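Step one of this worksheet: look at the structure below.
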Amino acid sequence: MSTVGRRETLERTEADQVVGRSAVERTEVEEQLEPEQELMTINVGPHHPATHGVLRLVVELQGEVVRDLKPVMGYVHTGIEKNCEDKAYWKVIPYVERMDYLSYFFNMEVFCLAVERLLDLEVPPRAAYLRTIHMELNRLHSHLVWLGTSALDLGAMSMFFYCFRERDKVLDLFEMSTGQRMHTRYFQVGGVFEDIPPGFAAALRRFCDEMPSRIDQYMAILDQNEIFLRRTRGVGIVPRERLLDLGVTGPLLRAAGEPWDLRKVAPYEAYGDLGFAIPVGTVGDGYDRYRVRLAEMRESVRIIEQALEGLPEGPWIADDRKVVLPPRAELSTSMEALIHHFKLVTEGFRAPPGEVYVAIESPRGELGCFVLADGSAKPARVHFRDPSFVNLQALRDMCLDGYVADLIQNLAMLDPILGGIDR
Amino acid sequence: LPDAPGLELIAQELNETSSDSVLGTYHEHGQACLVVNPDRILDVLGWLKETPGQEYRFLASLHAADYLPAEPRFGVHYELLNMPRVERLRVKAALASPPDGELPELDSCVELFPTAEFQEREAYDFFGIVFRGHPDLRRILMPEDYVGWPQRRDYPIGGEPVIFTYNERETPRWWE
């Protein structure tokens with residue numbers, strides 16, 4: 001595209017021209033022309049590529065305008081919470097990873113934090129930093145998948161390939177440090193499974209050097225794409241107070257101008273030591289949600305760089321033999337280590353009776369975990385407050401009296417993960 | 001979080017506004033908790049939300065738990081949050097086990113906290129706790145025609161036994 005053409009595009013996409021009259025106003029004019037338009041109920045999904053999973057939306061349409069919307073879910077419910085009650089604490093970790101399959105480190109983290117709080121177990125500083133690094137990489141990964149699929153929903157096919165190229169690099173890093181690309185089971189109660197291997201820090205630095213320029217590229221592609229701008233600007237605005245009433249958290253809330261981020265207000269792991277900003281939006285439309293997430297990706301890169309710089313030396317897992325597996329090398333020399341190993345693997349550790357609710361900031365908002373311990377080696381109840389599940393309630397407010405095409409946009413910018421909703 | 005005297009003050013003021021509303025208070029793992037009378041749950045939540053100086057306006061999570069064999073058997077937990085002060089307070093409605101064939105009931109707080117709509121449906125779906133006044137109380141994750149309350153502690157987890165040589169005889173003709 002020549003420079004002249006680009007400037008013209010930018011001029012034509014000024015906000016007021018893009019937004020124009022609202023969908024309601026436009027339909028009201030049309031309603032005068034065709035007063036006999038009836039309500040029609042249609043199902044969007046459960047198998048629809050734009051629903052990002054197996055979500056079914058029962059939509060009442062008047063012409064092309066959404067008059068009512070009811071989400072129906074549960075198609076991929078696998079009873080994870082019930083199954084957790086039948087597993088020892090350390091066996092729960094791989095289960096809960098598979099709920100929200102794009103933010104598996106966060107699921108592990110919140111469960112481990114809850115159990116650590118039940119046990120009053122301190123995590124060594126190196127483990128806290130390694131957890132922070134992996135969670136922020138996971139946030140990048142999650143936002144990259146969101147950006148690729150959402151842009152795909154809005155017709156920008158190439159974004160999908162660009163985003164998945166970078167996502168693969170994140171997965172390569174996961175493979176290097178944890179041995180798995182997804183569902184790594186890297187976090188343990190008390191720390192992390194293993195120290196990072198030699199060469200990981202250098203690879204991570206290379207990635208961090210490269211990533212900001214990639215984010216610039218994404219923005220260069222989308223911010224000058226007239227279709228993208230027209231479809232996102234001024235669409236799906238819900239007032240901040242309403243979002244708070246609906247319990248919405250995460251980028252959706254921040255895009256509406258509320259600077260609420262659990263990493264900042266209630267720091268856990270290493271976030272208290274690291275400097276980062278909380279991007280907020282002003283309007284709260286789809287475009288703001290996109291901008292907030294991209295700005296968050298930049299902040300994640302900053303957090304990773306700082307955490308890598310300040311990574312303390314020392315053990316990466318707590319030294320509590322009643323909870324943490326002994327090092328492999330000790331098994332052949334120490335009888336006690338062998339006994340501990342055997343007890344931990346067969347029975348698992350016991351947590352004292354009590355209940356705890358812990359919340360962390362996942363890529364989609366407040367991810368909470370409630371664990372009820374009855375003194376045995378298995379939790380008596382595990383409940384996850386999944387941000388997608390709660391945020392989905394805001395979809396009706398976003399879509400009401402808008403077009404069906406905007407519904408797809410709103411759903412894409414809401415970023416629900418059905419594995420997390422259905423659990 | 002409200003410290004121990006603060007929590008006692010809250011409990012005292014609540015009991016003055018609405019008698020017998022708070023049954024107990026405790027601190028656990030750095031978290032304050034109010035155990036309340038389920039008949040007064042709306043008074044308590046409304047008071048905590050609206051009273052100046054309290055203003056727990058954000059319901060972070062609503063979930064149920066089954067304390068079998070303890071009595072009262074069910075607990076519905078409201079994780080309230082005061083955003084400006086970053087204070088969390090757990091309100092626990094202790095629900096007694098009803099006579100056979102009946103479901104425990106509790107007032108719905110959807111009017112106060114619209115976010116509770118899906119979460120109350122979830123508690124109903126898995127524990128069979130009926131929220132009176134909920135606009136649309138149906139199963140949410142389980143199939144509509146499902147019978148039973150799967151997350152109660154006395155509900156079997158199900159599944160097929162894995163066949164080893166030692167339990168081969170307990171499941172005759174397992175290969176069919």
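The values are calculated or read from the model by the stated rules, or taken from the named source; none is laboratory data. The structure displayed is predicted, hence computed values, not measured ones. Cβ coordinates were reconstructed from backbone atoms using ideal geometry, including for glycine residues, and neighbour counts include every protein chain displayed.
So the values come out like this:
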{"item": "Matching entry among A:L325, A:L338 (being modelled with pLDDT of 90 or more and not hydroxyl-bearing (S, T, Y))", "result": "A:L338"}
{"item": "Complete set of residues in the stretch A:186-217 that are surrounded by fewer than 16 Cβ atoms within 10 Å (Cβ to Cβ) and under 19 Å from the mean Cα position of the chain (by Cα)", "result": "none"}
{"item": "Residue within the stretch A:127-141 that is in contact with a His (Cβ under 8 Å, 6 or more places away or on another chain) and not aliphatic (A, V, I, L, M) present", "result": "no"}
{"item": "Any chance A:R131 is outside any loop (DSSP other than H, G, I, E, B), over 30 Å from A:R381 (Cα atoms) and charged (D, E, K, R)", "result": "no"}
{"item": "Breaking point among (1) over 25 Å from A:L392 (Cα atoms); (2) among the small types (G, A, S); (3) facing chain A (nearest Cβ under 10 Å), for B:S19", "result": "(3)"}
{"item": "Scope the stretch A:161-191; condition among the hydrophobic types (A, V, I, L, M, F, W, C) and either out of contact with any Ser or Thr (no Cβ under 9 Å at 6 or more places or on another chain) or modelled with pLDDT under 90 (or both); matching residues", "result": "A:F161, A:F164, A:V170, A:L171, A:L173, A:M176, A:M182, A:F187, A:V189"}
{"item": "Tally, over the stretch B:18-40, of residues that are over 25 Å from A:A114 (Cβ atoms) and touching an Asp or Glu at 6+ places or on another chain (Cβ under 9 Å)", "result": "7"}
{"item": "Hits in the stretch A:287-322 - residues which are in a helix (DSSP H, G or I), more than 21 Å from A:Q224 (Cβ to Cβ) and out of contact with any Pro (no Cβ under 8 Å at 6 or more places or on another chain)", "result": "A:S300, A:R302, A:I303, A:I304, A:E305, A:Q306, A:A307, A:L308, A:E309"}
{"item": "Of residues in the stretch B:129-176 being aliphatic (A, V, I, L, M) and out of contact with any strand residue (DSSP E or B) (no Cβ under 8 Å at 6 or more places or on another chain), the one surrounded by the most Cβ atoms within 10 Å (Cβ to Cβ)", "result": "B:I140"}
{"item": "Residue in the stretch A:63-83 that is more than 30 Å from B:L137 (Cβ to Cβ) and basic (K, R) present", "result": "no"}
{"item": "Scan of the stretch A:325-361 for residues that are under 25 Å from B:C33 (Cα atoms) and surrounded by 14 or more Cβ atoms within 10 Å (Cβ to Cβ), ordered by number", "result": "A:R350, A:A351, A:G354, A:E355, A:V356, A:Y357, A:V358, A:A359, A:I360, A:E361"}
{"item": "Pair list, Cβ under 7 Å, 6 or more apart: the stretch A:328-348 residue within 17 Å of A:F193 (Cα to Cα), other residue in a helix (DSSP H, G or I) and among the hydroxyl-bearing types (S, T, Y)", "result": "A:G348/A:Y89"}
{"item": "Per-region count, the stretch B:113-154, residues in contact with a helix residue (DSSP H, G or I) (Cβ under 8 Å, 6 or more places away or on another chain), assigned to a loop (DSSP other than H, G, I, E, B) and within 9 Å of chain A (Cβ to nearest Cβ)", "result": "10"}
{"item": "Of all residues in the stretch B:56-81 being more than 10 Å from chain A (Cβ to nearest Cβ) and surrounded by fewer than 19 Cβ atoms within 10 Å (Cβ to Cβ), the one that is nearest to B:R152 (Cα to Cα)", "result": "B:P69"}
{"item": "Wholly within the stretch A:158-276, helices (runs of 4 or more DSSP H) carrying at least 1 residues that are in contact with a Cys (Cβ under 8 Å, 6 or more places away or on another chain)", "result": "A:200-222"}
